[in-house]
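So the structure is just underneath, and the comments pick up after that.
The values are calculated or read from the model by the stated rules, or taken from the named source; none is laboratory data. Predicted model only: the values in this text are computed from it and were never measured. When we count neighbours, we look across all protein chains shown, and the Cβ atoms used for this are built from the backbone with ideal geometry, even at glycine.
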Ligand SMILES: Nc1ncnc2c1ncn2[C@@H]1O[C@H](COP(=O)(O)OP(=O)(O)O)[C@@H](O)[C@H]1O
Ligand SMILES: [Mg+2]
């Protein structure tokens with residue numbers, strides 16, 4: 001297996017809203033090494049989230065390609081992309097994006113349901129993951145009963161549920177106080193040590209310092225291609 | 001977690017909306033079941049009545065259409081009549097027994113009731129009547145009445161009580177034993193007395209005919225028509241006519257119920273579209289964590305199907321309860337009044353129940369198709385990017 005787990009080639013993404021065409025990405029080429037901890041930084045509205053979505057197969061590029069493990073994912077059907085997201089990729093978002101009417105445990109289980117894990121295994125594994133993230137007391141709590149940091153840890157547990165190789169985290173600590181941020185960060189670093197490839201969008205310079213590679217985006221273009229470090 | 005469980009957790013989140021959408025389909029299915037089971041009960045009852053008619057052939061005035069012939073069963077009065085002379089000519093034909101009678105109406109305490117003028121002896125033998133209380137007519141033109149057991153019960157009448165019919169008083173001579181037919185809710189007097197009372201000269205309404213040899217029905221019909229200028233209908237034809245009229249009526253009612261169900265279907269579509277709009281963020285989340293389009297489609301289709309299942313079950317139960325409460329009132333209606341003689345049985349048949357449930361689920365699944373398809377086509381990115 002190659003050392004490069006994700007590769008993008010000249011990614012362009014435009015959004016058409018009414019008559020206005022927005023260029024979110026203007027040609028991004030980058031490579032992410034397996035088991036690495038990479039960071040994407042840049043000002044708000046300059047295309048960081050868009051890049052994450054394209055790398056995770058949540059959206060398709062206007063031009064260019066995304067390769068995961070050497071395979072071009074732009075040729076995949078919607079259903080194949082969903083399968084890829086279920087098995088190979090875990091997303092963590094700034095606004096947690098938990099299912100509000102489900103408990104912490106059920107949120108984690110649901111992710112496993114989509115990759116065909118049986119209910120018994122779902123239950124055991126969800127419990128295990130949440131305990132690992134320090135939430136063994138909160139298994140049956142609804143998101144509204146949890147603090148921001150706890151909610152984000154549930155989201156991380158959910159992202160880990162199917163044992164994905166890649167974790168894409170879009171400002172995971174952007175909505176947290178510094179204490180919760182430290183707590184979440186701690187977990188992220190541990191995951192990287194355990195062999196996950198982690199790509200994280202952040203404004204936090206301290207996090208960026210810990211990263212092996214830092215990509216800086218401005219106006220949909222890479223300023224720092226990550227190899228400078 | 002499994003999909004049905006996820007669906008159940010979703011569906012009851014908006015309690016009021018869930019309730020009203022469910023109410024829509026419940027009311028639709030309940031009215032459907034009510035009308036269908038009442039219709040089914042009506043048909044069974046008509047078949048029973050026809051079998052208790054005791055006649056193979058009914059002689060009616062010339063040129064009656066099927067609807068008019070049905071009045072034989074309903075007891076409805078129509079102006080045409082048969083001269084008694086014709087009735088006598090028919091009686092004279094060999095191989096058959098013919099009994100003429102006159103149907104008129106009166107009322108006790110504002111309830112309309114049939115008064116039937118009969119040839120007492122002939123009719124008693126023809127109908128195999130038995131006396132429950134009191135006596136039977138002692139002569140052909142006695143000024144008295146004999147009443148059915150149903151009437152006696154309903155109006156608490158006893159032998160020797162007096163009833164006023166068309167301004168004249170008649171003592172109750174006797175009460176017939178229950179027959180389970182419309183005879184239970186009729187009053188009988190001698191034909192000549194009835195003819196005088198109602199001023200119809202020597203006319204009779206119908207002649208009931210029993211033949212000795214059923215295989216020669218067509219021959220008898222010809223003979224009767226040769227003997228008198230009348231129309232003849234067999235009990236089978238009569239039954240067919242009534243059933244087809246009842247069929248038309250219940251078809252109309254079912255169409256009304258179908259409209260109610262259609263309205264409920266739009267209710268489901270509306271609810272589902274609103275739910276999808278509200279939950280587009282969640283749909284995006286589900287997609288991000290690996291739900292396929294087909295899975296999203298299934299989740300929402302199941303959700304709307306659930307309305308059909310639950311609404312169907314409640315609607316069927318409500319419909320059956322309602323139809324058993326309503327059936328006695330329905331039988332007071334003009335058209336169905338003749339059925340009051342016996343308790344109309346509501347048909348609780350399993351075909352109706354299973355059929356209605358499947359129909360309910362089917363309708364709600366169809367209603368869910370478009371919303372579910374819309375949900376599966378949502379783009380995840382837009383939904384999850386913003387708070
Ligand atoms: N779904 C969308 N429709 C239209 N424009 C969008 C959409 N998503 C993002 N954009 C635009 O694309 C640009 C990049 O957005 P984004 O990738 O979210 O930036 P960042 O994550 O760096 O803040 C912005 O100008 C944003 O307004
Ligand atoms: Mg962003």
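Working only within the stretch A:15-65, note down all residues that are within 14 Å of chain B (Cβ to nearest Cβ) and more than 16 Å from ligand 2 (Cβ to nearest atom).
Within the stretch A:15-65, A:16, A:17, A:57, A:60, A:61, A:62 meet the criteria.
Restricting to the stretch A:109-122, what's the tally of residues that are more than 9 Å from chain B (Cβ to nearest Cβ) and either within 25 Å of residue B:15 (Cβ to Cβ) or outside any loop (DSSP other than H, G, I, E, B) (or both)? Spell out how you get there, then give the answer.
Our first condition is that a residue be more than 9 Å from chain B (Cβ to nearest Cβ); within the stretch A:109-122, this holds for A:116-118, A:120-121.
Now drop any that are not either within 25 Å of residue B:15 (Cβ to Cβ) or outside any loop (DSSP other than H, G, I, E, B) (or both), which leaves A:120-121.
So the count comes out to 2.
Does residue A:13 count as more than 17 Å from the chain's Cα centre (by Cα), buried (at least 18 other Cβ atoms within 10 Å of the Cβ), within 14 Å of ligand 1 (Cβ to nearest atom) and in contact (Cβ under 8 Å) with a residue 40 or more places away in the chain?
Details: more than 17 Å from the chain's Cα centre (by Cα): yes; buried (at least 18 other Cβ atoms within 10 Å of the Cβ): yes; within 14 Å of ligand 1 (Cβ to nearest atom): yes; in contact (Cβ under 8 Å) with a residue 40 or more places away in the chain: yes.
In short, yes.
Quick one: which helices (runs of 4 or more DSSP H) lie wholly within the stretch B:134-247 and hold at least 3 residues that are in contact with a helix residue (DSSP H, G or I) (Cβ under 8 Å, 6 or more places away or on another chain) and either modelled with pLDDT of 85 or more or surrounded by 19 or more Cβ atoms within 10 Å (Cβ to Cβ) (or both)? Walk me through how you get there before you give the answer.
On the way: elements: B:149-154, B:191-198, B:217-227.
The helices (runs of 4 or more DSSP H) meeting that bar are B:149-154.
Grab the strands (runs of 3 or more DSSP E) fully contained in the stretch A:18-80, keeping just those with 3 or more residues being within 14 Å of ligand 1 (Cβ to nearest atom).
Values: elements: A:20-33, A:37-41, A:63-68.
Filter on the stretch A:18-80 gives A:20-33, A:37-41.
Considering the stretch B:94-130 alone, what residues qualify as being touching a strand residue (DSSP E or B) at 6+ places or on another chain (Cβ under 9 Å) and assigned to a loop (DSSP other than H, G, I, E, B)?
Correct list: B:95, B:119, B:129, B:130.
Could you tell me which residue of the stretch A:71-104 is surrounded by the most Cβ atoms within 10 Å (Cβ to Cβ), considering only residues that are within 17 Å of residue A:129 (Cα to Cα) and at the interface with chain B (Cβ under 9 Å from one of its Cβ atoms)?
This residue is A:90.
Could you please give the count of residues in the stretch B:249-301 that are within 14 Å of another protein chain (Cβ to nearest Cβ) and under 28 Å from residue A:88 (Cβ atoms)?
21
Restricting the search to the stretch A:85-105, which residues are more than 11 Å from the chain's Cα centre (by Cα) and assigned to a helix (DSSP H, G or I)?
A:86, A:87, A:104, A:105
Among (1) within 30 Å of the chain's Cα centre (by Cα); (2) farther than 27 Å from residue B:29 by Cβ, where does residue B:227 come up short?
(1)
Let's see how each residue does on (1) assigned to a helix (DSSP H, G or I); (2) at pLDDT 75 or above; (3) touching a strand residue (DSSP E or B) at 6+ places or on another chain (Cβ under 9 Å):
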residue	(1), (2), (3)
B:16	yes, yes, no
B:22	yes, yes, no
B:32	yes, yes, no
B:36	yes, yes, no
B:45	yes, no, no
B:48	yes, no, no
B:54	no, no, yes
B:67	yes, no, no
